[in-house]
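Right, I'll just put the structure down here and ask away after.
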């Protein structure tokens, strides 16, 4: 992401939560407050390379679609379009701020009940707690070893 592509909303923070018996997840209030002028009606859930789910607001997902359109025609572009169109789904956010994660996406996080919702600047990530602790530690180690201090 470069300076020209600053997202409309910046998602930061870590929130531990539990998936309810109906497979619903409460979007953290801090993230819901990023939508002050409008009711947050839906999010896009997408599988990720890692064992987590990514949650995008529709505006940010539109940016992904725009980027896909700029890729050079060929197999990589076609496959990325297929991935984002078949491994993503628009889901409704209810009046209480919950989303029902579709069953086929729950397998990505091992159908865990104890979850972590983390901000990833342009989107949210949903992790099984045990898996998140590992990647969190990797991120801390990378930061400590990095020559970059932004």
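Any residue in the stretch 130-138 that is in contact (Cβ under 8 Å) with a residue 12 or more places away in the chain, surrounded by 13 or more Cβ atoms within 10 Å (Cβ to Cβ), touching a strand residue (DSSP E or B) at 6+ places or on another chain (Cβ under 8 Å) and outside any helix (DSSP H, G or I)?
no
Residues that are more than 16 Å from the chain's Cα centre (by Cα): which helices (runs of 4 or more DSSP H) entirely in the stretch 1-119 hold 3 or more of them? Break it down stepwise before answering.
Values: elements: 29-32, 58-70, 75-86, 103-106.
It comes to 58-70, 75-86.
For the stretch 7-55, enumerate the residues that are within 14 Å of residue 121 (Cα to Cα), touching a helix residue (DSSP H, G or I) at 6+ places or on another chain (Cβ under 7 Å) and surrounded by 14 or more Cβ atoms within 10 Å (Cβ to Cβ). Break it down stepwise before answering.
Of the stretch 7-55, the ones within 14 Å of residue 121 (Cα to Cα) are 7-14, 30-31, 34, 54-55.
Subsequent filtering for residues that are touching a helix residue (DSSP H, G or I) at 6+ places or on another chain (Cβ under 7 Å) retains 7-8, 11, 13.
Correct list: 7, 11.
Here is a further query. Does any residue in the stretch 107-121 that is on the phi > 0 side of the Ramachandran plot come within less than 8 Å, Cβ to Cβ, of a residue that is outside any helix (DSSP H, G or I) and surrounded by 13 or more Cβ atoms within 10 Å (Cβ to Cβ) six or more places away or on a different chain, and which pairs are these?
110/51; 110/128; 121/7; 121/11
Condition first: closer than 20 Å to residue 51 by Cβ and out of contact with any helix residue (DSSP H, G or I) (no Cβ under 7 Å at 6 or more places or on another chain). Can you find one or more residues in the stretch 78-86 that meet it?
yes
Every number here is computed from the coordinates shown, using simple stated rules; none is lab data. Owing to the predicted nature of the structure, the values given are computational and were not obtained by experimental measurement. Here the Cβ is made from the backbone with ideal geometry for all residues, glycine too, and neighbour counts use every protein chain on show.
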